[in-house]
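Inspection log for the structure reproduced underneath, given as structure tokens.
The values are calculated or read from the model by the stated rules, or taken from the named source; none is laboratory data. Predicted model, so just to flag it, every value in this text is computed and none were measured. A quick note on method: Cβ atoms are made from the backbone with ideal geometry, for glycine too, and the neighbour counts reach across all protein chains shown.
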Amino acid sequence: MISPGRAELWIPQHAGSPVLEVRGLSVTFTTESGTVSAVDNVDLSLAQGEIVGIVGESGCGKSVTGMSLAGLLPDSARVCGSVRLQGVELIGAPQSTLRAARGQDIAYVFQEPMSSLNPVLTVGQQIGEVLQAHRGLSRKKALARAVELLTLVGIPSPLRRVDSYPHQLSGGMRQRVMIAMAIACEPKVLVADEPTTALDVTVQAGILDVLRELRDRLGTTILFITHDLGVIADVADRVMVMYAGRVVERAPVDELFARPQHHYTAGLLVATPTPGRHAGTDRLQEIPGLVPVLSIQPDACTFAERCPAADAQCLASAPALTSGRHMADSGDMTGMAEITDVADMANMASLPPGHLVACWHPCGQPSAQRRWAGT
Ligand SMILES: Nc1ncnc2c1ncn2[C@@H]1O[C@H](COP(=O)(O)OP(=O)(O)OP(=O)(O)O)[C@@H](O)[C@H]1O
Ligand code: SF4
Ligand SMILES: [Mg+2]
């Protein structure tokens with residue numbers, strides 16, 4: 001539990017204009033064996049105090065998306081598009097701008113705290129270093145603030161723990177220390193990349209509580225990266241499903257779980273354990289096949305090889321991420337014109353605002369159901 005106090009930092013959720021705006025973000029890597037297209041044309045807008053989840057299987061581009069926002073990609077990465085943090089463009093910005101933004105305005109929590117913490121410094125020294133470097137605090141004040149931060153992330157006996165070395169802490173406590181370091185300068189945006197994957201379920205629940213309370217008390221915007229839809233259901237307000245570098249579906253979390261539209265999302269949901277549903281002999285179904293590693297993004301649906309509803313149209317052109325309602329409201333039917341089934345068109349138009357899907361024959365739509373049934 002985050003301790004009470006610091007009420008002056010409480011900020012209402014979702015207030016004002018977006019904190020972070022991403023437009024047309026694409027990332028390719030140059031490797032010895034050729035080019036890898038990791039992220040393709042991602043748009044994303046984060047409001048203050050919201051928690052947005054990115055979900056997808058291994059290799060879908062979740063971490064590369066998150067790292068490109070925080071300017072953490074290696075030199076072999078070529079990044080295109082726009083990332084504006086509180087109106088300041090970060091793509092192509094000078095190193096000094098990126099250094100100032102990193103830690104102060106946007107911070108990153110990695111999955112494995114042991115590889116990110118320095119084993120020969122106490123956690124107090126490590127948190128203190130961040131505050132001395134970015135906030136110009138004296139050593140003494142930085143250490144006092146480190147104790148406050150350890151309290152904030154729910155470390156028991158913080159006065160004693162501040163002098164501990166990383167190896168003296170449990171995995172869950174090390175992850176809390178990583179979060180304390182990340183929020184030391186009260187960043188506007190926190191990218192949490194699989195922060196609970198290596199932890200057992202009860203410790204995981206504690207970390208999710210910490211993140212929720214950070215959002216509630218400090219108004220921190222959180223981008224939560226995971227392969228686990230169960231965690232997304234627990235923590236996120238909105239969710240973005242990625243497949244092979246592209247966003248294939250985006251929706252408020254309840255809407256996504258109630259009415260998944262992309263066949264990949266539906267496959268992930270079927271593969272997610274649900275209490276009671278798989279008791280006895282009922283087995284979880286895996287999505288057959290693997291996420292492709294692409295050198296160039298094709299003009300086709302990249303999920304087609306694994307999709308039971310794929311047809312010639314899916315192989316001939318890439319569906320845009322779109323909401324039927326939006327198109328109907330704006331009168332811009334670009335994309336809808338390609339949906340040839342009249343019943344599908346009506347179903348697309350019934351999607352609520354904010355639910356977008358990149359699929360020619362979304363799940364639940366009559367033509368897709370006919371394909372699943374083989375009729
Ligand atoms: N430094 C790099 N050089 C070359 N290719 C890379 C590099 N980093 C990532 N990739 C490739 O980019 C793609 C997306 O990787 P990314 O790490 O974003 O996946 P992910 O969705 O985070 O997966 P995971 O769940 O395993 O963490 C993968 O094909 C990966 O191999
Ligand atoms: S129906 Fe077509 S466009 Fe939709 S997910 Fe399947 S292959 Fe992709
Ligand atoms: Mg990753």
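Confirm whether THR65 is over 23 Å from LYS188 (Cα atoms), away from ligand 2 (no atom under 16 Å from the Cβ) and either outside the structural domain of ARG176 (by TED's automatic domain parsing) or under 17 Å from the mean Cα position of the chain (by Cα) (or both).
Details: over 23 Å from LYS188 (Cα atoms): no; away from ligand 2 (no atom under 16 Å from the Cβ): yes; either outside the structural domain of ARG176 (by TED's automatic domain parsing) or under 17 Å from the mean Cα position of the chain (by Cα) (or both): yes.
Answer is no for this residue.
Quick one: which strands (runs of 3 or more DSSP E) sit completely within region 45-136 and have at least 2 residues that are of a type in the set (D, E, K, R) and modelled with pLDDT of 95 or more? Walk me through how you get there before you give the answer.
Working: elements: 51-55, 77-85, 106-109.
The qualifying strands (runs of 3 or more DSSP E) are 77-85.
Just one of (1) at pLDDT 70 or above; (2) surrounded by 22 or more Cβ atoms within 10 Å (Cβ to Cβ) trips up PRO308, so point out which.
(2)
Among (1) more than 8 Å from ligand 1 (Cβ to nearest atom); (2) part of a helix (DSSP H, G or I); (3) of a type in the set (A, V, I, L, M, F, W, C), there is one condition VAL42 misses while meeting the rest; what is its number?
(2)
Considering only residues that are in a helix (DSSP H, G or I), free of Cβ contacts under 8 Å to residues at least 60 places away in the same chain and closer than 20 Å to THR220 by Cα, which ones fall in region 149-166? Let's see the steps before the verdict.
Residues of region 149-166 in a helix (DSSP H, G or I): 149-152, 158-161, 166.
Remaining after also requiring free of Cβ contacts under 8 Å to residues at least 60 places away in the same chain: 149-150, 158-161, 166.
The answer is LEU149, LEU150.
Which of the residues that make up region 46-67 are more than 8 Å from ligand 1 (Cβ to nearest atom) and of a type in the set (S, T, N, Q)?
Once the filter is applied, which keeps residues that are more than 8 Å from ligand 1 (Cβ to nearest atom) and of a type in the set (S, T, N, Q), region 46-67 yields only GLN48.
Might you check whether a residue that is away from ligand 2 (no atom under 16 Å from the Cβ), surrounded by fewer than 17 Cβ atoms within 10 Å (Cβ to Cβ) and among the hydroxyl-bearing types (Ser, Thr, Tyr) occurs anywhere in region 118-136?
Checked region 118-136: no residue is away from ligand 2 (no atom under 16 Å from the Cβ), surrounded by fewer than 17 Cβ atoms within 10 Å (Cβ to Cβ) and among the hydroxyl-bearing types (Ser, Thr, Tyr).
A quick yes/no check of all residues on (1) of a type outside the set (Ser, Thr, Tyr); (2) at pLDDT below 95; (3) within 24 Å of the chain's Cα centre (by Cα); (4) within 11 Å of ligand 2 (Cβ to nearest atom):
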residue	(1), (2), (3), (4)
ASP282	yes, yes, no, no
VAL293	yes, yes, yes, no
ARG325	yes, yes, no, no
ASP329	yes, yes, no, no
MET333	yes, yes, no, no
ILE339	yes, yes, no, yes
ASP344	yes, yes, no, yes
PRO362	yes, yes, yes, yes
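Checking ALA271 against (1) farther than 19 Å from VAL247 by Cβ; (2) at pLDDT 90 or above; (3) surrounded by 13 or more Cβ atoms within 10 Å (Cβ to Cβ); (4) among the small types (Gly, Ala, Ser), which single condition isn't satisfied?
(2)
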